[in-house]
1. Points 7 angstrom from Cα along the Cβ direction at residue 18 and residue 57: gap in nanometres?
2. Short version: ³J(HN,Hα) in whole Hz for each residue of region 46-63, in order, from phi by Karplus 6.51 cos²θ - 1.76 cosθ + 1.60 (θ = phi - 60°), x for Gly and Pro, what are they?
Amino acid sequence: MATATTTIGGTNRSSDSFVRRAFGRMVEAREKQARRYVNGYLLSLDDATLAAHGFERSELEREGSAGMIF
């Protein structure tokens with residue numbers, strides 16, 4: 001199977017899509033990392049506060065947590 005690459009305006013489409021996919025994956029990884037960081041904070045709150053804001057402790061524990069973002 002041959003892969004066609006087309007040059008438009010001096011850029012290679014296959015490398016553009018590679019960069020786009022790599023950037024998308026990097027953003028997705030950072031979003032997951034931020035979510036774990038926030039979950040760690042939310043888990044430090046009491047059950048009444050979590051319930052008042054629409055969170056369930058069991059769901060937060062299932063999603064995981066992290067202490068530091070970096």
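1. Going by the 7 Å Cα→Cβ label model, 4.9 nm.
2. Per residue, the Karplus-derived 3J(HN,Hα) values read 6, 4, 5, 5, 4, 5, 5, 9, x, 10, 10, 4, 4, 5, 5, 5, 5, 6 Hz.
Coordinate-derived values only; no laboratory data. For clarity, every value in this text was computed on a predicted model and none was experimentally measured. Note that each Cβ is placed from the backbone with ideal geometry, even for glycine, and that neighbours are counted across all protein chains shown.
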